[in-house]
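Comments concern the structure below.
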Amino acid sequence: MAFAPIATRAPRTVSPQAASPTMGKEMIELGDIGMTFVTPNGKPLPVLEHINLTVAENEFLCILGASGSGKSTILRIMTGLLKPTIGTVNVDGKPLRGNNPYTAIVFQSFALLPWLTVEENIGLGLDALHAPHEEVKTKVKRAIDSVGLEGFEEAYPKELSGGMKQRVGIARALVVEPRILCMDEPFSALDALTAENLRSEVLDLFHTNSSTLRSVVMVTHSIDEAVEMASRIVVLDAHPGRIKAEFSNPMPYPRDMRSQEYLELSNRIHALITNTVLPFVEEPKAVSKTEIIPAANIEEILGLLEVLATEGRQGIGDLAEAASRRFDETLQIVKAAELLGFAETPGQDVLITPLGKEFVEADINDQKKLLNKQLRGLRTFQLLLDTLQQNEGEVPYEVLIEDYATRMPYEEPVQLLDTVIDWGRFAELIGYRPKEDVVYLDIGEPTSE
């Protein structure tokens with residue numbers, strides 16, 4: 001994990017400042033929404049609980065939350081792609097039946113058909129509505145013009161960069177003339193400069209009066225993205241997803257990332273999310289409870305500890321920027337270091353512990369011994385070691401995946417097991433044979449020379 005010096009970002013230069021539009025009537029209303037899925041073994045998995053949320057005219061709403069908080073599920077319920085288990089969805093004051101005709105959705109993964117040209121991909125939505133050929137041509141051209149795709153009409157997706165592919169996705173959504181544009185983490189797969197440019201263009205589309213578009217609902221994991229773009233920000237808690245807080249954001253556009261107002265709002269949201277995931281008050285650990293292993297590899301944890309050992313106390317936001325990592329990714333690394341006893345998190349800051357300093361300063365073999373000892377104190381690893389010992393020292397990878405999916409249904413089992421294997425291999429506690437796809441017990445002690 002390479003940490004670079006923290007850079008100061010200048011505000012974007014876009015169109016002259018404009019106040020956030022005045023919100024109009026409510027177009028979508030979610031009333032006490034609950035959503036429960038069923039796991040492969042038949043157990044209920046609550047994803048959303050008591051969601052009460054509206055989308056008003058002239059509003060740019062950002063739904064912000066960590067993985068597993070149900071952000072994308074809310075978006076799909078709004079568009080009619082999912083029907084909630086419980087609760088009501090009203091559109092213009094009437095119950096929603098089927099797909100929401102006023103919305104169009106932009107996905108993170110572009111979702112383009114590789115055998116169709118840019119023009120044909122954009123026109124797909126209109127083809128499904130059996131629109132007349134000339135109307136399709138006119139609307140596709142207008143959508144292409146609106147997102148800067150002129151000259152690429154005949155190109156195929158394989159010829160396009162990530163940014164251009166997402167422009168196609170946005171144009172495909174705009175071509176059906178939605179009143180509400182729904183976006184599911186649309187910039188997360190793009191490089192920083194491309195994402196910043198597209199954010200600016202989406203804001204321009206939102207502010208222009210030349211289309212039917214009246215509101216935008218965007219799901220994101222990025223606090224900066226939400227503060228830069230949204231007129232209202234909803235923060236979700238997870239497992240199951242609930243609305244934890246709402247923030248109004250009346251700052252005029254374009255927003256100066258160095259302004260006091262911008263920084264204060266960012267810090268308030270940072271504090272809310274940080275204190276949710278890393279509470280200052282330490283709760284007693286129940287012996288029987290299985291810990292959640294954060295998705296961070298040993299090299300990332302070592303990189304974090306090296307920075308803390310050198311720089312001292314750091315804010316999580318500063319660590320994220322120094323590492324050029326997303327805030328939620330950095331938070332996972334911090335949580336991992338804290339779980340292992342190598343770091344602590346008073347408030348929004350991160351400090352290295354004496355054990356963490358010992359770990360950083362030790363040679364590789366002593367680091368293995370230290371980690372081996374810490375892992376043996378975690379319930380997750382105790383259960384894994386017991387399972388391996390009861391099965392002659394080895395268990396197929398897929399069997400462990402099924403076990404994790406049953407015991408911890410809210411977590412991504414593959415990611416969880418891969419992290420456990422990464423930590424266990426470094427500590428010479430467990431091993432993995434990829435050819436046989438087997439996890440095995442490392443019966444030897446960490447090397448001492």
Subset of segment 171-196 [farther than 26 Å from residue 99 by Cβ and surrounded by fewer than 17 Cβ atoms within 10 Å (Cβ to Cβ)]: 191, 192, 193, 196
Test for residue 103: is it at pLDDT 90 or above and open to solvent by less than 60 Å² (accessible area, probe 1.4 Å): yes
Subset of segment 109-127 that is out of contact with any helix residue (DSSP H, G or I) (no Cβ under 8 Å at 6 or more places or on another chain) and open to solvent by 80 Å² or more (accessible area, probe 1.4 Å) - its residue that is modelled with the lowest pLDDT: 109
Qualifying position, being in contact (Cβ under 8 Å) with a residue 60 or more places away in the chain, over 25 Å from the mean Cα position of the chain (by Cα) and surrounded by fewer than 18 Cβ atoms within 10 Å (Cβ to Cβ), among 133, 207: 207
Odd one out for residue 43, checked against (1) more than 16 Å from residue 216 (Cα to Cα); (2) buried (at least 16 other Cβ atoms within 10 Å of the Cβ); (3) charged (D, E, K, R): (2)
Residues (over 28 Å from residue 311 (Cβ atoms), open to solvent by less than 30 Å² (accessible area, probe 1.4 Å) and of a type in the set (A, V, I, L, M, F, W, C)) located in segment 370-400: 381, 384, 385, 388, 395, 400
Extreme residue, modelled with the lowest pLDDT, among residues of segment 18-36 that are over 16 Å from residue 97 (Cβ atoms) and open to solvent by 50 Å² or more (accessible area, probe 1.4 Å): 19
Checklist (1) open to solvent by 20 Å² or more (accessible area, probe 1.4 Å); (2) farther than 16 Å from residue 292 by Cα; (3) over 24 Å from the mean Cα position of the chain (by Cα) applied to residue 367, failing item: (1)
Restricting segment 243-260 to residues that are open to solvent by 50 Å² or more (accessible area, probe 1.4 Å) and free of Cβ contacts under 8 Å to residues at least 24 places away in the same chain, the residue that is farthest from the chain's Cα centre (by Cα): 260
Residue ID - modelled with the lowest pLDDT, chosen from residues in segment 401-411 that are of a type in the set (Asp, Glu) and surrounded by 15 or more Cβ atoms within 10 Å (Cβ to Cβ): 411
In segment 60-100, residue least open to solvent (accessible area, probe 1.4 Å) [restricted to those that are part of a loop (DSSP other than H, G, I, E, B), polar (S, T, N, Q) and farther than 23 Å from residue 202 by Cα]: 69
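Matching residues to (1) free of Cβ contacts under 8 Å to residues at least 24 places away in the same chain; (2) farther than 28 Å from residue 266 by Cβ:
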| residue | (1), (2) |
| --- | --- |
| 300 | no, no |
| 333 | no, no |
| 344 | yes, no |
| 350 | no, no |
| 369 | no, yes |
Check on residue 161, among the small types (Gly, Ala, Ser) and exposed (fewer than 15 other Cβ atoms within 10 Å of the Cβ): yes
Some residue of segment 274-290 being modelled with pLDDT under 90, open to solvent by 10 Å² or more (accessible area, probe 1.4 Å), among the acidic types (Asp, Glu) and in a loop (DSSP other than H, G, I, E, B): yes
Members of segment 225-242 found to be open to solvent by 50 Å² or more (accessible area, probe 1.4 Å) and out of contact with any Pro (no Cβ under 9 Å at 6 or more places or on another chain), listed by number: 242
Tally of residues being at pLDDT 90 or above and open to solvent by 10 Å² or more (accessible area, probe 1.4 Å) across segment 336-359: 11
Test: residue in segment 116-132 that is under 23 Å from residue 215 (Cβ atoms) and polar (S, T, N, Q): no
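The values are calculated or read from the model by the stated rules, or taken from the named source; none is laboratory data. It should be emphasised that the depicted structure is a prediction, and the values quoted were computed from it without experimental measurement. Don't worry about glycine lacking a Cβ; one is built from the backbone with ideal geometry, like all the others, and counts go over all protein chains shown. The protein model used for the area step is the full one, side chains on, heavy atoms only, and it has no ligands, DNA or RNA in it. Shrake-Rupley method; radii C 1.70, N 1.55, O 1.52, S 1.80 Å.
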